Amino acid sequence: MANPKPEELAKIDYQPPKTGWMDTPTVFKPGIFPYACKPKSLETVGFPNPRQWSVKDEDWKLPPNWQEIFIEGLRERVSKYRSFRLFLDICVRCGACADKCHFFIGGGDPKNMPVLRGELLRSVYRKYCTTTGRIMGKIAGARDLTTDVLKEIWYYAFQCTECRRCSLFCPYGIDTAEITILARELLNLLGLNIEWIAGPVANCWLTGNHLGLQPHTIKDAFDMFCDDIETITGIRVTPTFNRKGAEILFVIPSGSMFADPGTFTCMGELLLLHELGLDYTWSTFASEGGDFGFFTTNEMAKRLHAKIYEEAKRLKVKWIMGGECGHMWRVWHQYHNTWYGPVDFLEEPVSPITGTKFENAKSNKTIHICEFTADLIKHGKLNFDKSRNDNLIVTFHDSCNVSRGMGMFEEPRYIIQNVCNNFYEMPPQTIREQTFCCGSGAGLNASENMESRLRGGLPRANAVKYVAKKYGVNMLACICAIDRAALPPLMDYWVPGVRVTGVHEMVANALICKGEKKRTTNLRGEPLPGMEGE
Amino acid sequence: MGIIFSFFAVIALIVIVFIGVQGANLHYLFGVVIPYAAFFIFLLGVIYRVLQWGRIPVPFRIPTTAGQQKSHPWIKTNPIDNPFTATGVFIRMAFEVLLFRSLFRNTKAELRDGPILSYGSTKWLWLGGLAFHYTFLIILTRHLRFFFEPIPGVIKIIESLDGFFQVGAPVLYLTDLIFIAAVTFLFLRRVVIPQVRYISLAQDYFPLFLIFSIGLTGVLMRYFLKTDVVGIKELTMGLVTFKPVVPKDINIIFYIHLFLVSTLFIYFPMSKLMHMAGVFLSPTRNLANNNRAEMHVNPWNYPVKVHTYEEYENDFRDKMKAAGLPVEKE
């Protein structure tokens with residue numbers, strides 16, 4: 001299905017319909033929703049109610065007692081998550097969140113206002129979990145859980161990327177991500193997942209990574225990276241896999257092992273860590289830093305995540321370093337210590353190169369590669385030829401999860417400014433804690449919902465367009481694997497000519513390595529500035 | 001529908017007072033019984049709700065980080081919007097509760113042809129909200145004069161500051177003016193802004209109408225209708241000393257005022273107005289962003305089924321060996 005032209009898509013009507021939202025039926029528009037999960041994906045991990053179903057069908061083949069399952073699930077979760085209960089209880093519908101959501105800004109659908117997306121479930125909560133809602137019904141904002149209501153909740157739970165931008169502006173910190181996460185858990189009880197999430201989850205369960213890369217395939221991919229690096233730099237990097245006794249276990253999102261431009265980030269990391277002579281290992285088992293389980297249920301997230309620490313324990317490493325990824329860092333930073341800790345079998349991370357103690361990670365023993373690299377640069381351990389990146393006019397996209405679920409803003413910027421000469425920020429309302437989502441996070445990076453992704457990505461793309469016009473920006477840097485997959489088509493659509501890179505790709509391009517040959521191309525095999533003729 | 005329902009609900013409340021007090025002479029019910037009941041429902045209700053929330057675990061530490069994290073000592077952190085310590089959290093919460101920090105960030109997205117999106121700062125909701133809550137607080141504090149004899153000096157100071165401009169007789173309180181204006185603003189934005197109108201429910205209009213009516217009856221009583229202040233004080237002092245008396249001939253407007261306030265008190269614990277207490281418990285605001293430095297314990301954490309390395313190696317052993325990858329079992 002062809003997408004509308006950008007001019008067409010940008011005609012957005014923000015006027016809500018005449019009828020109240022409870023009385024306005026939700027129409028499932030092609031291009032907005034992702035496809036249903038396949039039964040096999042659910043069966044692989046033992047998720048309930050696997051079956052063949054289709055979003056477009058009238059009959060979703062729900063289990064006969066689906067209402068009971070959903071309502072019981074809801075009651076259980078409001079008694080296990082204070083966040084959830086509180087956020088369902090205290091919203092005053094002030095509307096401050098409304099125009100903060102990228103899906104609402106780019107689409108105008110009122111049910112994509114975070115407040116209203118929350119009300120979809122809140123109305124059911126009122127009906128079945130509060131006295132006033134039970135007695136007063138609609139006038140108290142309560143409604144029955146019908147199949148139409150269920151479908152509506154589904155439609156909008158998969159139009160939220162859990163980016164938490166709304167929670168930044170909410171006077172009570174109500175976090176729609178929290179509501180979406182638990183709404184998806186409830187839907188998952190009924191087998192109502194999407195294949196773009198359930199498939200990677202099943203893969204991750206079996207092979208250790210979302211893409212389903214088997215151990216030998218990973219090895220092959222890295223052999224190719226090494227060959228390319230040797231061709232470009234003259235240096236043979238020699239990564240090790242599943243090696244016991246290494247000091248550090250390094251884990252990246254599998255997307256960076258497989259698809260451009262993420263692969264160049266991976267190559268960049270390979271070259272950097274080789275140049276340092278770091279005693280580290282990759283793992284084909286812990287071959288996924290990301291966790292699509294997080295987009296199904298918190299339990300599944302924990303089930304997939306355990307392998308990171310299990311592998312660190314088995315390989316007897318001292319600590320863990322993680323690569324450039326967004327939701328991976330939401331999970332690693334805010335969840336994995338709680339799921340798995342206390343992590344007493346590892347040591348407090350210390351950089352073997354600079355001796356820096358990473359005190360902020362002393363409990364869960366995991367550090368972000370940007371924290372690691374920034375420290376190297378600060379201590380003068382790396383030599384750069386910034387001019388090799390002179391063809392790039394760079395801006396930086398803060399990934400939602402790393403921004404609002406961690407707060408890492410300066411480290412990547414410090415690195416970028418040390419490896420390239422041309423760096424310009426997008427407008428302040430679109431970066432750092434106010435950053436806009438790529439529009440494809442939280443497992444919505446499928447192709448069948450492309451219109452939704454392009455709409456959701458409009459605010460981000462529009463800010464890039466601003467700096468592209470003003471400063472001639474031609475490269476969008478990011479530290480997230482979903483970004484690296486989602487932003488290139490987004491740029492092609494809204495801001496043609498702007499490409500996407502990971503930060504460590506630029507690091508490696510500028511990095512002067514011991515014994516390297518005269519470089520003529522960058523890691524992508526494109527000529528370096530001034531080398532076009534060679 | 002919500003707006004009409006709420007409007008008539010408040011009208012009905014006023015009619016009830018007319019019938020009850022004027023018609024049926026139930027002065028004791030409206031002057032003593034209902035206020036007592038309302039006060040205790042409010043107190044117990046709020047405590048119950050807070051305890052109910054408090055009993056629910058906080059499984060994960062999920063602060064919304066709104067500034068630079070603490071990592072390297074040479075990187076300037078934002079210890080308030082992204083607190084690492086309990087002190088930082090305290091300050092963040094103080095900013096949130098006292099100054100509505102998050103609402104202060106508010107922007108308004110605008111789409112122009114191009115497309116060009118822009119996000120201008122907009123402080124109206126913040127200002128209106130702040131004005132409403134603070135004047136409400138001051139007015140409430142001023143009302144303590146009805147519950148103390150002699151009247152504490154601090155209340156007199158507040159009164160004199162509030163009437164600083166010495167306009168009119170009785171002196172016009174600035175807060176009364178701002179309060180009515182702020183409630184009106186909060187109502188108007190709900191009606192005028194299409195998106196906000198679309199999301200508004202009866203439970204959003206009802207407290208606004210109720211609070212507006214409370215304000216209006218208060219203003220009428222103070223500035224326009226002659227009410228027996230001595231009699232009212234007798235009644236309120238009777239309430240706080242648990243020796244309730246109902247003086248004769250207090251104007252009906254007082255009973256309306258009192259009944260609406262009682263309704264607000266009763267309504268409070270079962271409504272969104274509980275955001276007053278809830279904001280303190282919000283896990284995206286009241287937790288430190290130190291997850292990697294200090295473990296957060298989930299009280300209901302339970303072991304889960306995982307795919308072990310052993311199972312993985314069993315699945316792929318031959319392929320791993322063929323690729324030269326080390327294995328546990330040959």
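The values are calculated or read from the model by the stated rules, or taken from the named source; none is laboratory data. Just so you know, these numbers come straight off a predicted model, no measurement behind them. Counting neighbours? That spans all protein chains shown, and the Cβs are built from the backbone with ideal geometry, glycine included.
Checked against (1) facing chain A (nearest Cβ under 10 Å); (2) within 27 Å of A:Tyr172 (Cα to Cα), B:Gly114 passes all but a single condition, namely (2). Can you find, within region A:135-179, the residue that is farthest from A:Met113 (Cα to Cα) among those that are among the β-branched types (Val, Ile, Thr), surrounded by fewer than 24 Cβ atoms within 10 Å (Cβ to Cβ) and within 14 Å of chain B (Cβ to nearest Cβ)? Only one residue fits best here, namely A:Ile135. Comparison of B:Phe90, B:Phe100 shows that the only residue that is at the interface with chain A (Cβ under 8 Å from one of its Cβ atoms) and either surrounded by fewer than 20 Cβ atoms within 10 Å (Cβ to Cβ) or touching a Pro at 6+ places or on another chain (Cβ under 6 Å) (or both) is B:Phe100.
Looking across region B:52-77, the residues that are in contact (Cβ under 8 Å) with a residue 60 or more places away in the chain and more than 7 Å from chain A (Cβ to nearest Cβ) come down to B:Gly54, B:Pro63. Of the residues making up region A:15-39, those that are within 14 Å of chain B (Cβ to nearest Cβ) and surrounded by fewer than 18 Cβ atoms within 10 Å (Cβ to Cβ) number 8. Region B:179-255 holds helices (runs of 4 or more DSSP H) entirely within its bounds, and those carrying 1 or more residues that are over 19 Å from B:Leu144 (Cβ atoms) map to B:194-199, B:202-219.
Within region A:28-40, the residues that satisfy the criterion of being in contact with a helix residue (DSSP H, G or I) (Cβ under 9 Å, 6 or more places away or on another chain) and of a type outside the set (Ser, Thr, Tyr) are A:Phe28, A:Lys29, A:Pro30, A:Gly31, A:Ile32, A:Phe33, A:Pro34, A:Ala36, A:Cys37, A:Lys38, A:Lys40.
Matching residues to (1) in contact with a helix residue (DSSP H, G or I) (Cβ under 7 Å, 6 or more places away or on another chain); (2) surrounded by 21 or more Cβ atoms within 10 Å (Cβ to Cβ):
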position	(1), (2)
A:Ala446	yes, no
A:Gly456	yes, yes
A:Leu476	yes, yes
A:Asp483	no, yes
A:Leu487	no, yes
A:Val500	yes, yes
A:Glu505	yes, yes
A:Cys513	yes, no
A:Glu516	yes, no
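Answer with yes or no whether B:Lys329 is more than 8 Å from chain A (Cβ to nearest Cβ), surrounded by fewer than 20 Cβ atoms within 10 Å (Cβ to Cβ) and either of a type in the set (Ser, Thr, Tyr) or farther than 30 Å from A:Gly141 by Cβ (or both). It is true that B:Lys329 is more than 8 Å from chain A (Cβ to nearest Cβ), surrounded by fewer than 20 Cβ atoms within 10 Å (Cβ to Cβ) and either of a type in the set (Ser, Thr, Tyr) or farther than 30 Å from A:Gly141 by Cβ (or both). Residue selection: A:Asn3 satisfies the criterion of being over 30 Å from B:Thr308 (Cβ atoms) and among the polar types (S, T, N, Q).
Annotation note: of A:Gly212, A:Gly208, the sole residue that is under 25 Å from A:Met328 (Cβ atoms), crowded, with 24+ Cβ neighbours inside 10 Å and either within 12 Å of another protein chain (Cβ to nearest Cβ) or at pLDDT 95 or above (or both) is A:Gly208. Only residues that are under 26 Å from A:Asn360 (Cα atoms), facing another protein chain (nearest Cβ under 7 Å) and surrounded by fewer than 22 Cβ atoms within 10 Å (Cβ to Cβ) were counted across region B:273-296, and they come to 5.
In region B:149-166 there is no residue matching the filter, namely being in contact (Cβ under 8 Å) with a residue 40 or more places away in the chain and part of a helix (DSSP H, G or I). Cβ-Cβ contacts under 6 Å between residues 6 or more apart (or on different chains), taken from a first residue in region B:176-196 that is within 13 Å of chain A (Cβ to nearest Cβ) to a second residue that is polar (S, T, N, Q) and buried (at least 17 other Cβ atoms within 10 Å of the Cβ), are listed as B:Arg190/B:Ser200.
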